[in-house]
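The values are calculated or read from the model by the stated rules, or taken from the named source; none is laboratory data. The structure displayed is predicted, hence computed values, not measured ones. Backbone-built Cβ (ideal geometry, glycine too); neighbour counts: all protein chains shown.
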Amino acid sequence: MTDLPANAAHPYEHLTPDVVLDALAGVGLMGDGRLTALSSYENRVYQVSLESAQPGNTAPAESVVVKFYRPGRWSDAQILEEHAFAAELTAAEIPMVAPLALDGRTLHHFAGFAFSVSPRRGGRRPELDNLEVLEWIGRFLGRIHGVGQAAPFVHRPALTLQTFGLDSRDLLLAGNYLPLDMASRWRQAFEEAMQVAAAVIAEAGVVSSLRLHGDCHPGNILWTPEGSPGAGPHFVDLDDARSGPAIQDLWMLLSGERAQRTQQLGALVDGYEEFRELDRRELALIEPLRTLRLVHYSAWLAQRWSDPIFPINFPWFGSSDYWKGQVDMLVEQTEAMQEAPLIV
């Protein structure tokens, strides 16, 4: 295993519970001292219980969720585009958990951190083996993309072969994150995969790019059972919102063997096309997009390595075994991209 760059002090080390509570107090929300760290590696996210009396604010719940954005990742303009997109979706009565406007603003600053406050929403992961659930999610994705296609992002980046593939490669190689015994093998597997991905993308032709959720995996969908208020899906976490093809927000909900994925995709598309037609050419992009996400994930780990929680939670990153697994998956993806796309 190659020695990874040494950790330096990270800004999140200064994000103490007192700082969290003082930040909330600065926007008129008084916590009662109870806060729970929620699962998030990219940002720091806390559920904070509020005192019973909250004069002068519009917080709708006894607790709120506060997100402290990773310093240096997004500019204020990019974060505000995320917030504006969320506001458009909620205005269209799409169940997106959007930041609260406190003192007329959704983005706030305290102690060097940018943060937002959202209402707390309960729910569980959706049962994706239930085709009715998938169809229901598909309907809302169609509605989300209907809003997403109305106007482009100005400040947020696009999901492309360059941004997720080639830029990730450059970061990994420049930072010496690959062990010597795997570097050449990984680079060869990467180059072969990118050649095939580029060919598949070119063959599909020019497809529409629109504002996406960007990271629509099951963990970012909260499901409320039928019979409960607001039954159905609630979408959370637009932190990875960017421009790209519509199929990006569908393929991460697929799993299993080809027959199972075909059935799942059919249910999603049935719901989706009640509100927006899906360009069938985009089906050929599923495996290239999966390949780009695979590479981008490794680059994401590398970029975050100075954050103390990453070496603790991903100790295997940088090992020869990890990179051998990445090579094997790139080889598998190269083969998968050459197969016929799913048909619905």
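Given the conditions (1) at pLDDT 95 or above; (2) part of a loop (DSSP other than H, G, I, E, B); (3) farther than 20 Å from E132 by Cβ, which single one is not true for A284?
(2)
Does P315 satisfy the criteria of being surrounded by fewer than 17 Cβ atoms within 10 Å (Cβ to Cβ), over 27 Å from N130 (Cα atoms) and touching a residue at least 24 places away in the same chain (Cβ under 8 Å)?
Numbers: surrounded by fewer than 17 Cβ atoms within 10 Å (Cβ to Cβ): yes; over 27 Å from N130 (Cα atoms): yes; touching a residue at least 24 places away in the same chain (Cβ under 8 Å): no.
Criteria not met by P315.
Take the residues in segment 250-267 that are crowded, with 17+ Cβ neighbours inside 10 Å and within 18 Å of L289 (Cα to Cα), then tell me which one is nearest to the chain's Cα centre (by Cα).
For segment 250-267, the residue satisfying everything is M252.
Which members of segment 168-177 meet the condition of being surrounded by fewer than 15 Cβ atoms within 10 Å (Cβ to Cβ) and assigned to a helix (DSSP H, G or I)?
Passing the criteria: D170, L173, A174.
Quick one: P315 ticks every box in (1) assigned to a helix (DSSP H, G or I); (2) farther than 30 Å from G138 by Cβ; (3) over 21 Å from the mean Cα position of the chain (by Cα) except a single one, so which number is it?
Looking at each condition in turn, P315 falls short on (1).
Quick one: which residue in L166, L134, L159 is within 18 Å of the chain's Cα centre (by Cα), modelled with pLDDT of 95 or more and among the hydrophobic types (A, V, I, L, M, F, W, C)?
Result of the check over L166, L134, L159: L159.
Just to be sure I understand the filter: pairs with C-beta atoms under 8 Å, separated by 6 or more residues or on different chains, first member in segment 286-311 and without any contact (Cβ under 8 Å) to a residue 40 or more places away in the chain, second member part of a helix (DSSP H, G or I). Which pairs pass?
The qualifying pairs are L294/Q326; L294/M329; L294/L330; L294/Q333; L301/F310.
Any residue in segment 20-28 that is out of contact with any Ser or Thr (no Cβ under 9 Å at 6 or more places or on another chain), at pLDDT 95 or above, among the acidic types (D, E) and not in a loop (DSSP other than H, G, I, E, B)?
For segment 20-28, residues out of contact with any Ser or Thr (no Cβ under 9 Å at 6 or more places or on another chain), at pLDDT 95 or above, among the acidic types (D, E) and not in a loop (DSSP other than H, G, I, E, B): present.
Yes/no matrix, rows are residues, columns are (1) among the small types (G, A, S); (2) free of Cβ contacts under 8 Å to residues at least 60 places away in the same chain:
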residue: A111; (1), (2): yes, no
residue: A114; (1), (2): yes, yes
residue: V117; (1), (2): no, no
residue: R124; (1), (2): no, no
residue: E127; (1), (2): no, no
residue: L131; (1), (2): no, no
residue: I137; (1), (2): no, no
residue: G142; (1), (2): yes, no
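Of all residues in segment 60-99, which are in a loop (DSSP other than H, G, I, E, B) and in contact with a Leu (Cβ under 9 Å, 6 or more places away or on another chain)?
Scanning segment 60-99 gives P60, A61, E62, Y69, P95, V97, A98, P99.
Which is part of a strand (DSSP E or B) and surrounded by 15 or more Cβ atoms within 10 Å (Cβ to Cβ), of V117, V133?
Just one listed residue meets the conditions, V117.
For residues that are among the small types (G, A, S) and in contact with a Ser or Thr (Cβ under 9 Å, 6 or more places away or on another chain), scanning just segment 185-213, find the one that is surrounded by the most Cβ atoms within 10 Å (Cβ to Cβ).
Once the filter is applied, the top-ranked residue is A193.
Taking the condition of being assigned to a loop (DSSP other than H, G, I, E, B), more than 23 Å from L212 (Cβ to Cβ) and of a type in the set (A, V, I, L, M), how many residues in segment 100-112 meet it?
3
Here's a check for you: in segment 114-130, which residue that is of a type outside the set (G, A, S) and within 12 Å of V97 (Cα to Cα) is modelled with the lowest pLDDT?
R121
I'd like the full set of residues that are surrounded by 16 or more Cβ atoms within 10 Å (Cβ to Cβ) and within 18 Å of the chain's Cα centre (by Cα), limited to segment 143-156.
I144, H145, G148, F153, R156
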